[in-house]
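Engineer: Supplied in structure tokens, the structure appears directly below.
The values are calculated or read from the model by the stated rules, or taken from the named source; none is laboratory data. Every value quoted in this text rests on a predicted model; they were computed, and no experiment measured them. Here Cβ is always computed from backbone atoms with ideal geometry, including for glycine, and neighbour counts include all displayed protein chains. The protein model used for the area step is the full one, side chains on, heavy atoms only, and it has no ligands, DNA or RNA in it. Shrake-Rupley method; radii C 1.70, N 1.55, O 1.52, S 1.80 Å.
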Amino acid sequence: MTHQTGTIFLSPADNHVSNVTWDFYIPIQVPIEGLEIAATPTIPFGTNRNIPISLTAGSHTDIVITWNGTSLNESYFNWHTLYGEAVVQSNHYDSNGRFFVSANVTNLVSPYVTFTREVWVDYMITDLLIFLDRPFVPVGEKTTFDIYMSHCSRFDTFVNFSDGSSLQHFYHDLLLNETYSAQHIFSFPGRYVVNLTISNDVDYYNDQYNIVVQYPVVNVESFIMPTTRLEPGMNAPAYLQMEFMGGVPLATNATYTISFDDGTTFLDDFIEIFPGTLSYSNKETTESSLLTLSLCDSSFNSSFPLNDTSLVAFLEQCNMTVTTAATVLDSNTTEPVSTTEATTLGGYFLIPITHYYTAIGTYNITINVTNLVSFMFFSFIVDVDEPIYNLQLLPNPVHLKTFSSSDLEVRMSWGSRAVCTWIIGDGTPPIEAPCDRHSVALQTQTFNTVGVYHPKIIANNTVSYEFNTSSVGPIYVQDPVVGFLVECTSLTNGKCERDIDGPSYSVDVEFQLLFEKFNRKPTNASYIIDFGDGFVTSPAELSNSHETVDFTIKNGSFYNLVFDFSHTYTRGGNYSVKVIIWNLVSNETYEVFHDIYEKIEDLDMMIHSYDPDTLNKKIGGGPGRDYFALEREVLFEAKHSRGSHVTYDWTFGDGTPSVAFYYDKRASKKYNQDISYIVSLDASNIRNSMSIERRIYIQRGCFNISISVDEPRAKNSTFRYQVFPGSIGTDACYLLDFSDETSIPGQYQMFGDENQCGNVTEWSQYFENDNTTFTTVSSDDLYHKKTVSSPNNYNLTIDTMFMTEGLYDVTLQCQNLVSHETAEFSTGVTSGPCWWPYVNLTAPNICEYPECDPVVPGLRNIKRSERLVVYSEVRINCTATDVSWYSWRVYKVDEVTQIEEEIFDLGETDTYSIACRYLQIEPRILDYGLYRFELNVSMHEEMGMFTLDSAYIKITSTPLQVRIAGGDFFTGKWGTFEPMIFDGMSEVFDPDVDPDDKSEMEFIWLCRRYCESWPQFDSNYDVPDPFTMVTDCASYVEESDRGCFRRDQVNHAGKIINATSGMLEIMTGELYEGEEVEIRLIVRKDGREAEDSALALILTGDPPEIYLTCVTNCDQKMNPTNRYSLKSSMRGWTRGVFFYYE
């Protein structure tokens, strides 16, 4: 018997002569045993699965594998290895469920053997979406997980809320495009980690969700005073209070944010500032609350179960603490996490807050009391205004003609945004208009009716009410003076003229005052009469009762007589009679002329030397006062005791024609020769004539004299003075005073006309002194020599010798009958060869660009913040000494009046020494303005050897230094509770004062989105209406979307409202998220202006905040030879940061 499977071939017979062969096929096979389809896990829907099939014994098998009766053609079985697989592909099923895999096996030696295995197909967790409606939920309110899947089958959902409550469990056989929910209510505040697990045989999902449970913000009230006063020199306090009314648990971890609408925001915890017990004396206590309190004292039973909800509610009413423990089983850990939460019934408390405003305005204060689960929002309007002080009503003018207007000005020393009401008092309705202290409020009122009016002004704003009457008194409205006429009635041959004669010399002239009919008579008028001879009547009231039946016709008009008047004259002349009529609103003069003739008596003339340029006149010289200088004009004046209407005819005696003047008593003449002349005067009028003559003498005067010498020179050497005799006066005498008693030949030297020298009384002590050297010189000879030789440079040489070193003021005087002149020259006498120091301040201090003044060419400008060096060019040429002293003086010059004031406070500046050739003044010592710097260089040990020079330099202002601290680029997280801060104070300074002095600086903050252009600003950086602005912002929906802020009611880029300090705080939630914002800072002071800008990127998420700070070499100007270092810092990110510098 064979033990191998296969086919055996047999040959049964054969002999030597034949054989017979038969072929028999005998199959040998192993019977089938142990057919099994292996158990297989659930098949995820849409996947393939190979399921193992095996036999323990068998050969030459035929196998059929089916899936729910359908052949699995891809399946296989190897009988040699007794192993195969049922290959299930995704197209063999079209849904989830239970399926059967069957295998039918047979061979020639075995019957059919069948094995069937159950197989499950399940949907996986597909398109899972979990929505947690409230990750922050108030205590006692429902939170819901909405779970959505497009399909899943036979799955379980487990939710562990971590608060000790039972797990929530859901089972679904099949879910197709459905949503189901898991809901829960938390009883106590805390942070809960909710574990959510979804699983079936083919898929698994687990995640944790943080849920914060808090007591909500309730029972909060707020109050604010709606107005506050901005007093002078002070800030305006705004008093605000928030009240927690109690009776409910205090909100968990609540904060409050107050935006004061002036660029500042305040954030703090909403807790009791001064913890304490609730005092019901401050609040109304209801019967129910009193009942609860009484129960709380007696009814507490500690045996109540801890989870009894009635106990919890009762304890909450009793303001007691309830503590519960919850065990949370984290699916990722085996250790429970225990949380403990407390419930306390809150008591009343108050949070007072005071904020100080620095500028007037209407501020929208918002208060947001919030935690993660709720908020309460309050909004208040606060008006900040200056109270009205020193309200004045100033009518101008206060005296008005009827039908004219007065400007009623309103001023106040303090006050803002007021409404002024003018009550005129003339029956017209009151007038209202805005007013404040910055400008004059003006109303113009026309008055048509005569009267006295008492105007009043009322000014009120949100914080004050003021009333006042006119500060300059009432307004007087009057009819003006018009329509009068004055006439002379004393007529001779139709003319108003009379003669007057002695011995009485008296004549009466009569006049009358007329008023034109139909004119309005002046109100309360007065008058005086000026008769032209020095007599003026006392003021008198003008009567209005001059309506008469009789009237006079003048020039076609009708006139009534007002009154007659007359006057007695005692001298002849042409007189103007003036009737001056006035009242409070007008002043008119009515005039008439008349003549009174009288004879000329006692004719005489006065003669003076006269300078027409200065209008100075001087009496003549000589015993008869009849000598006059050839170089000056001679002024003649007629005199007479009586006479009028005189014509003066002058003959000057030099052959020129006579000249005649009517009424003018003066005549002048410039003579050409120094001789005598006879001057005659003929005076005449219609009554008589008279004549007179005088002889005068003309001499050359001593003018334009001077003296000089080549100096300085050593003592005991000859000083050769050049004496310039000038015009060489007729019979002149010259006196030289060398101011040195030891000089040789003497201190005094005289030359000239001996007779004149002897007759000069004040020089007699010199003339008669034996030590005085006198030389007789004819003035005519000197004049002739000068004329012939060198008229412009003629001089005399006079020698002297000084015996003592020093500085001597040598004087030269010249005197004759018509003049007296003096000239001086300072002479330096040294101990050896020595010359005056050469000092020049002008050339070394000529400006170089950019230090040149824009108005005055060459004037050097130095900034106040810079060290001032006044340069000098000095050369010393003196063998007697090698030391020179430098003395500086500084004067401030008023550029309008040119008045100089010496400056003494120059700090520690060296102003007098042998070393201060240059004046060096430290920065910020001198104020702005024009200065004159004077240098006196003197020779050491040489008396009087010095030279002065000066230069002008202007001290100007330095540009302000403005920089927003922290760099040029900022990032901010949109919607945070902390403001984004721009520091415009730390690195802003005025170089002309101490860097810490920020006084008098005006800060203006501007803002624009980078997709907007800046509009056109006025000088105050306000935007006039209408305006133009180019915009390219994708977020625009309507006009209100323009500008930086969402709720500022400004539809353009520009000034940030109420941002007036050096620090700018912006709540990023007020900006537009995802935008680039340019912040621009303008700083102004004393007419100077500078600016800086920074770019801020407002991002969602949690962007880092990067800061750069200068460490070394941080001055205004960088030193290129020193190291420059920066320090960087970042807020928000702490690890994994790389810094790159460009």
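Engineer: Can you tell me how many residues within the stretch 487-501 are touching a residue at least 24 places away in the same chain (Cβ under 8 Å), assigned to a strand (DSSP E or B) and open to solvent by less than 70 Å² (accessible area, probe 1.4 Å)?
Structural biologist: 3
Engineer: Determine whether the stretch 913-927 contains at least one residue that is surrounded by 19 or more Cβ atoms within 10 Å (Cβ to Cβ) and assigned to a strand (DSSP E or B).
Structural biologist: For the stretch 913-927, residues surrounded by 19 or more Cβ atoms within 10 Å (Cβ to Cβ) and assigned to a strand (DSSP E or B): present.
Engineer: Surrounded by 15 or more Cβ atoms within 10 Å (Cβ to Cβ), touching a residue at least 60 places away in the same chain (Cβ under 8 Å) and not acidic (Asp, Glu): is that true of Val212 in this structure? Write out each step before concluding.
Structural biologist: Numbers: surrounded by 15 or more Cβ atoms within 10 Å (Cβ to Cβ): yes; touching a residue at least 60 places away in the same chain (Cβ under 8 Å): yes; not acidic (Asp, Glu): yes.
Criteria met by Val212.
Engineer: May I pose another question? Which of the residues that make up the stretch 423-466 are among the aliphatic types (A, V, I, L, M), within 21 Å of Pro387 (Cα to Cα) and either in contact (Cβ under 8 Å) with a residue 40 or more places away in the chain or open to solvent by less than 40 Å² (accessible area, probe 1.4 Å) (or both)?
Structural biologist: Ala433, Ala441, Ile457, Ile458, Ala459, Val463
Engineer: Okay, next question. Quick one: count up the residues across the stretch 733-746 that are open to solvent by 20 Å² or more (accessible area, probe 1.4 Å) and either more than 9 Å from Thr800 (Cβ to Cβ) or of a type in the set (Ser, Thr, Tyr) (or both).
Structural biologist: 4
Engineer: Need a quick list: strands (runs of 3 or more DSSP E) entirely within the stretch 645-732 having at least 2 residues that are touching a residue at least 60 places away in the same chain (Cβ under 8 Å) and surrounded by 14 or more Cβ atoms within 10 Å (Cβ to Cβ). Quick ask: steps written out before the conclusion?
Structural biologist: Working: elements: 647-651, 659-662, 666-669, 676-684, 689-699, 706-709, 718-724.
Of the strands (runs of 3 or more DSSP E) lying wholly inside the stretch 645-732, those with at least 2 residues that are touching a residue at least 60 places away in the same chain (Cβ under 8 Å) and surrounded by 14 or more Cβ atoms within 10 Å (Cβ to Cβ) span 676-684, 689-699, 706-709, 718-724.
Engineer: On to the next question. In the stretch 1015-1043, which residues are modelled with pLDDT of 80 or more and either open to solvent by 60 Å² or more (accessible area, probe 1.4 Å) or among the acidic types (Asp, Glu) (or both)?
Structural biologist: Answer for the stretch 1015-1043, where residues must be modelled with pLDDT of 80 or more and either open to solvent by 60 Å² or more (accessible area, probe 1.4 Å) or among the acidic types (Asp, Glu) (or both): Gln1016, Asp1018, Ser1019, Asn1020, Asp1022.
Engineer: Here's something else I'd like to know. Testing Ser166 on (1) open to solvent by 60 Å² or more (accessible area, probe 1.4 Å); (2) small (Gly, Ala, Ser); (3) closer than 30 Å to Ile28 by Cβ, one condition comes back false. Which one is that?
Structural biologist: The number of the failed condition is (3).
To keep it simple, each residue is scored yes or no on (1) assigned to a strand (DSSP E or B); (2) out of contact with any Lys or Arg (no Cβ under 8 Å at 6 or more places or on another chain); (3) surrounded by 19 or more Cβ atoms within 10 Å (Cβ to Cβ); (4) at pLDDT 95 or above.
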site: Leu485; (1), (2), (3), (4): yes, no, no, no
site: Pro503; (1), (2), (3), (4): no, yes, no, no
site: Asp508; (1), (2), (3), (4): yes, yes, no, no
site: Leu514; (1), (2), (3), (4): yes, no, yes, no
site: Asn524; (1), (2), (3), (4): no, yes, no, no
site: Ile528; (1), (2), (3), (4): yes, yes, no, yes
site: Asp533; (1), (2), (3), (4): no, no, no, no
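Engineer: So which residues in the stretch 169-193 are more than 60 Å from the chain's Cα centre (by Cα) and open to solvent by less than 10 Å² (accessible area, probe 1.4 Å)?
Structural biologist: Leu175, Ala182
Engineer: Within the stretch 116-127, work out how many residues are β-branched (Val, Ile, Thr), outside any loop (DSSP other than H, G, I, E, B) and open to solvent by 20 Å² or more (accessible area, probe 1.4 Å).
Structural biologist: So the answer is 2.
Engineer: Can you say whether Ser576 is within 30 Å of Ser680 (Cβ to Cβ) and either among the hydrophobic types (A, V, I, L, M, F, W, C) or touching a Gly at 6+ places or on another chain (Cβ under 9 Å) (or both), as far as the supplied structure shows? First the steps, then the outcome.
Structural biologist: Details: within 30 Å of Ser680 (Cβ to Cβ): no; either among the hydrophobic types (A, V, I, L, M, F, W, C) or touching a Gly at 6+ places or on another chain (Cβ under 9 Å) (or both): yes.
No.
Engineer: Of everything in the stretch 621-644 that's under 23 Å from Met690 (Cβ atoms), touching a Ser or Thr at 6+ places or on another chain (Cβ under 9 Å) and touching a residue at least 60 places away in the same chain (Cβ under 8 Å), which residue is most open to solvent (accessible area, probe 1.4 Å)?
Structural biologist: For the stretch 621-644, the residue satisfying everything is Asp626.
Engineer: Of all the residues that make up the stretch 59-110, how many are of a type in the set (Phe, Trp, Tyr) and at positive phi?
Structural biologist: Within the stretch 59-110, residues that are of a type in the set (Phe, Trp, Tyr) and at positive phi number 0.
Engineer: Go through the stretch 892-912 and give me each residue that's open to solvent by less than 30 Å² (accessible area, probe 1.4 Å) and not in a loop (DSSP other than H, G, I, E, B). Talk me through it step by step, then tell me what you get.
Structural biologist: Going residue by residue through the stretch 892-912, those that are open to solvent by less than 30 Å² (accessible area, probe 1.4 Å) are 893, 906, 909.
The answer is Val893, and nothing else.
Engineer: For the stretch 1066-1142, which strands (runs of 3 or more DSSP E) that fit wholly inside it have 2 or more residues that are under 23 Å from Cys1044 (Cβ atoms), of a type outside the set (Phe, Trp, Tyr) and modelled with pLDDT of 90 or more?
Structural biologist: 1076-1085, 1088-1099
Engineer: If you don't mind, there's one more thing I want to ask. What are the pairs with Cβ atoms under 9 angstrom where one residue, in the stretch 797-811, is within 22 Å of Ile705 (Cα to Cα) and at pLDDT below 90 and the other, located anywhere, is open to solvent by 60 Å² or more (accessible area, probe 1.4 Å) and hydrophobic (A, V, I, L, M, F, W, C)? Sequence gap at least six, or different chains.
Structural biologist: Close Cβ pairs (under 9 Å, with a partner that is open to solvent by 60 Å² or more (accessible area, probe 1.4 Å) and hydrophobic (A, V, I, L, M, F, W, C)) amount to Leu807/Met943; Leu807/Phe946.
Engineer: Continuing with this model, one more query. Of the residues Asn555, Asn583, which is within 30 Å of Gly425 (Cβ to Cβ) and not acidic (Asp, Glu)?
Structural biologist: Result of the check over Asn555, Asn583: Asn583.
Engineer: Out of curiosity, is Ser872 within 30 Å of Glu711 (Cβ to Cβ), in contact with a strand residue (DSSP E or B) (Cβ under 6 Å, 6 or more places away or on another chain), open to solvent by 20 Å² or more (accessible area, probe 1.4 Å) and among the small types (Gly, Ala, Ser)? Spell out the reasoning first.
Structural biologist: Values: within 30 Å of Glu711 (Cβ to Cβ): yes; in contact with a strand residue (DSSP E or B) (Cβ under 6 Å, 6 or more places away or on another chain): yes; open to solvent by 20 Å² or more (accessible area, probe 1.4 Å): no; among the small types (Gly, Ala, Ser): yes.
No: the conditions fail for Ser872.
Engineer: What number goes with the only condition from (1) among the charged types (D, E, K, R); (2) touching a Ser or Thr at 6+ places or on another chain (Cβ under 8 Å); (3) closer than 30 Å to Thr830 by Cα that Arg932 does not pass?
Structural biologist: (3)
Engineer: Is it true that some residue in the stretch 535-542 is modelled with pLDDT under 90 and among the aromatic types (Phe, Trp, Tyr)?
Structural biologist: no
Engineer: On to the next question. Name the single residue, out of those in the stretch 946-989 being in a loop (DSSP other than H, G, I, E, B) and among the β-branched types (Val, Ile, Thr), that is surrounded by the fewest Cβ atoms within 10 Å (Cβ to Cβ). Can you show your working first?
Structural biologist: Step one: of the stretch 946-989, the residues in a loop (DSSP other than H, G, I, E, B) are 957-960, 962-964, 966-968, 974-979, 984-988.
Filter once more, so that each one left must be among the β-branched types (Val, Ile, Thr): 958, 962, 964, 976, 988.
Working: Thr958: 18, Val962: 20, Ile964: 23, Thr976: 12, Val988: 22.
Out of the qualifying residues, it is Thr976.
Engineer: From the list Val113, Val159, Val137, which one is part of a strand (DSSP E or B), hydrophobic (A, V, I, L, M, F, W, C), over 58 Å from the mean Cα position of the chain (by Cα) and over 30 Å from Thr40 (Cβ atoms)? Write out each step before concluding.
Structural biologist: On the way: Val113 fails: over 30 Å from Thr40 (Cβ atoms); Val137 fails: over 58 Å from the mean Cα position of the chain (by Cα).
Answer to the check: Val159.
Engineer: Inspect the stretch 44-55 for any residue being under 30 Å from Asp203 (Cα atoms), open to solvent by 70 Å² or more (accessible area, probe 1.4 Å) and part of a strand (DSSP E or B) and give the result as yes or no.
Structural biologist: Within the stretch 44-55, one or more residues are under 30 Å from Asp203 (Cα atoms), open to solvent by 70 Å² or more (accessible area, probe 1.4 Å) and part of a strand (DSSP E or B).
Engineer: Any residue in the stretch 849-871 that is small (Gly, Ala, Ser) sitting within a Cβ distance under 8 Å of a residue that is surrounded by 14 or more Cβ atoms within 10 Å (Cβ to Cβ) and in a loop (DSSP other than H, G, I, E, B)? List the pairs, counting only those 6 or more apart or interchain.
Structural biologist: Gly858/Ile846; Gly858/Cys847; Ser865/Pro923; Ser865/Arg924; Ser865/Thr958; Ser865/Pro991; Ser865/Asp992
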